[in-house]
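The values are calculated or read from the model by the stated rules, or taken from the named source; none is laboratory data. Please read these numbers as outputs of a predicted model, since none were measured by experiment. Cβ atoms come from the backbone with ideal geometry, glycine included; neighbour counts cover every protein chain shown.
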């Protein structure tokens with residue numbers, strides 16, 4: 001009897017073909033799921049990395065999420081809160097702006113020197129702090145982590161310059177004793193700045209200029 005005529009071999013081959021097709025379909029479904037999950041996670045990471053989101057308000061290198069503390073905050077705003085672990089300002093309390101890049105869109109890193117120059121919008125008070133990504137304060141010998149509007153030194157026109165560097169500088173100096181990424185947080189308390197517009201005039205907030213790197 002020839003191989004083609006042996007009983008059962010045709011059925012076995014058909015079952016093998018069907019099993020292979022089923023595994024192929026399963027692998028395709030798994031691959032599609034992994035691609036979709038990777039795309040979603042990548043988009044979320046990119047949005048957080050670039051300070052973007054559905055309710056984000058941008059002004060130059062600064063970004064705020066006015067609805068971070070609202071019950072109906074969008075998913076990106078909720079992710080920002082979860083990432084920082086900080087209690088966000090309520091809509092009636094003020095605005096908190098974050099900067100992870102300088103005015104030239106380069107990442108803020110501890111080995112570089114930065115000058116934060118300008119003024120703030122009308123506000124009852126403000127604070128500016130430097131931290132590691134996620135809001136963790138960076139230990140330093142001077143135990144200095146930020147400035148308040150009450151202690152900042154201004155020029156005759158009301159403008160100020162804050163220098164971020166490893167070495168001590170005269171005037172408004174913030175030590176940054178790290179080689180890694182850093183971020184700035186500018187909190188405006190009791191300010192009339194609109195939280196509705198998708199973008200603000202960059203001239204309302206300080207610029208962040210890089211002044212060399214080690």
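Residue by residue, here is whether (1) in contact (Cβ under 8 Å) with a residue 12 or more places away in the chain; (2) more than 14 Å from residue 62 (Cβ to Cβ); (3) surrounded by fewer than 13 Cβ atoms within 10 Å (Cβ to Cβ) holds:
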position: 147; (1), (2), (3): yes, yes, no
position: 150; (1), (2), (3): yes, yes, yes
position: 153; (1), (2), (3): yes, yes, yes
position: 157; (1), (2), (3): no, yes, yes
position: 168; (1), (2), (3): yes, yes, yes
position: 171; (1), (2), (3): yes, yes, yes
position: 185; (1), (2), (3): yes, no, no
position: 193; (1), (2), (3): yes, no, no
position: 212; (1), (2), (3): yes, yes, yes
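Take residue 151 and decide whether it is in a loop (DSSP other than H, G, I, E, B), within 18 Å of residue 129 (Cβ to Cβ) and either under 23 Å from the mean Cα position of the chain (by Cα) or in the same structural domain as residue 124 (by TED's automatic domain parsing) (or both).
So residue 151 fits the description; yes.
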Can you pull out every residue in region 97-126 that is under 22 Å from residue 189 (Cα atoms) and either outside the structural domain of residue 177 (by TED's automatic domain parsing) or within 19 Å of the chain's Cα centre (by Cα) (or both)? 97, 98, 99, 100, 116
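What do you reckon, is residue 132 more than 20 Å from residue 211 (Cα to Cα) and touching a residue at least 12 places away in the same chain (Cβ under 8 Å)? Before the answer, list the steps.
On the way: more than 20 Å from residue 211 (Cα to Cα): no; touching a residue at least 12 places away in the same chain (Cβ under 8 Å): yes.
Considered against the rule, which asks whether it is more than 20 Å from residue 211 (Cα to Cα) and touching a residue at least 12 places away in the same chain (Cβ under 8 Å), residue 132 comes out as no.
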